[in-house]
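The values are calculated or read from the model by the stated rules, or taken from the named source; none is laboratory data. This is a predicted model, so every value here is computed, not measured. For neighbour counting, all protein chains shown are included, and Cβ atoms are generated from backbone atoms with ideal geometry for every residue, glycine included. The area values use the complete protein model at the heavy-atom level, side chains included, leaving out ligands, DNA and RNA. Shrake-Rupley method; radii C 1.70, N 1.55, O 1.52, S 1.80 Å.
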Amino acid sequence: MSAIRLTAAYLLDLALGDPEWFPHPVRWFGFLTRIGERALRPLTRGPATEIVAGGVLTASVVSIGWAMGRPKNFVWRVLLAWNALATRSLLSEARTVIRALEADDLALARRQLARIVGRHTAHLDETEISRAVIETLAESACDGIVAPLFWLAAAGVPGALSYKAINTLDSMIGHRDPSYLHFGRVAARLDDAANFVPSRLTAFGIVAAAKLQGLDARSAQRIWQRDGNLHASPNAGQSEAAMAGALGVRLGGASTYEGHLHHAPLLNAEGHPPSVHDATVALSVVAIVSGLAFGAALLAIAGRSRK
């Protein structure tokens, strides 16, 4: 990945976001995952065969992602790199929820929030909506910004497209419920590995952004180090814990997914309940993290090109 391609892709993302008219690779990966699962599920006869079948599906979709990024055409690679990034769409969607809260329109805020989270939103109050926005901003700062930039710098467009394939597979089949516990195991473990470094870079970026924004960077680092590993996942709590410390808010707790109540570990349990103002500040933090991550990726590419 060249610095010129990366810059063009990043600027396209800031300018256009994720337009509905563009055939986004994530939609292709989602389609392939659904088709592959329908074809492979009937062949399974127990946990071992489910793991194998899920592994075959995961390897196939990830390989397709890698192959998609291989052509060296400048425009093709810029377009794919652009669609691996999500700074504008993430900030725009979160800002829409915040504006609805500022207008005291809870119904609209709940509907807009449902576009970006998997939890049930119909009965959330202002505090819970603010919490969901902050948690989504922190987590998606890794998935949609830092991790794609990391893989673009480390392995070019093929690496970034492979990462997006892994991320899509994990979101679709990497669940802990009984129907996917074995079938989605390979996808889930691969997603853990692909996000291990980026999730920690994201948390570090939040600490740096807090310092630049005049927030409590020391608290961000302390809560990250103390609470970042409370989640069962090795990555899920890293950026959320750093964000909780930076804002001084309490994140985690009860959420409903597909009719089932889930309790996430409390991050910065001594913090105050999140507010709309906190969610607005989180927007600024993630915008700064995006710029820092882009700069770091450029430096990494420039350093490699000088060798």
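Residues being in contact with a Lys or Arg (Cβ under 9 Å, 6 or more places away or on another chain) and either over 16 Å from ILE166 (Cα atoms) or among the small types (Gly, Ala, Ser) (or both) are entirely absent from region 28-37. Does region 139-151 contain at least one residue that is open to solvent by 10 Å² or more (accessible area, probe 1.4 Å) and under 22 Å from PRO273 (Cα atoms)? Yes, that holds for at least one residue.
The set of residues from region 229-244 being open to solvent by less than 10 Å² (accessible area, probe 1.4 Å) and touching a Leu at 6+ places or on another chain (Cβ under 8 Å) comprises GLY237, ALA241, MET243, ALA244.
Applying the criterion of being open to solvent by 20 Å² or more (accessible area, probe 1.4 Å) and free of Cβ contacts under 8 Å to residues at least 60 places away in the same chain to the residues of region 97-106, the residue that is nearest to the chain's Cα centre (by Cα) is ARG99. Collect the residues in region 170-183 that are among the aliphatic types (A, V, I, L, M), assigned to a helix (DSSP H, G or I) and over 9 Å from GLY54 (Cβ atoms), keeping them in residue-number order. If the condition is that a residue be among the aliphatic types (A, V, I, L, M), assigned to a helix (DSSP H, G or I) and over 9 Å from GLY54 (Cβ atoms), then MET172 is the only one that fits.
If a residue counts only when it is in contact with a Pro (Cβ under 7 Å, 6 or more places away or on another chain) and open to solvent by less than 70 Å² (accessible area, probe 1.4 Å), which helices (runs of 4 or more DSSP H) contained entirely in region 25-96 have at least 3 such residues?
74-84
Scanning region 1-24 for residues that are in a helix (DSSP H, G or I) and either farther than 29 Å from ALA300 by Cβ or in contact with a Lys or Arg (Cβ under 6 Å, 6 or more places away or on another chain) (or both) turns up ARG5, ASP13, LEU14. Taking the condition open to solvent by less than 50 Å² (accessible area, probe 1.4 Å) and touching a residue at least 40 places away in the same chain (Cβ under 8 Å), does ALA109 pass? So ALA109 fails the test. Inspect region 211-219 for any residue being surrounded by 24 or more Cβ atoms within 10 Å (Cβ to Cβ) and at pLDDT 95 or above and give the result as yes or no. The answer is no, given that none of the residues of region 211-219 is surrounded by 24 or more Cβ atoms within 10 Å (Cβ to Cβ) and at pLDDT 95 or above.
Residues in region 120-158 that are closer than 17 Å to ALA203 by Cβ and small (Gly, Ala, Ser): ALA138, SER140, ALA141, GLY144, ALA147. Would you call ARG45 modelled with pLDDT under 95, more than 30 Å from LEU283 (Cβ to Cβ) and among the charged types (D, E, K, R)? For ARG45, the condition - modelled with pLDDT under 95, more than 30 Å from LEU283 (Cβ to Cβ) and among the charged types (D, E, K, R) - is met. The set of residues in region 112-136 being farther than 21 Å from ALA254 by Cβ and open to solvent by less than 20 Å² (accessible area, probe 1.4 Å) is empty. Selection within region 251-307: residues that are modelled with pLDDT under 95 and polar (S, T, N, Q). The member of this set that is least open to solvent (accessible area, probe 1.4 Å) is SER255.
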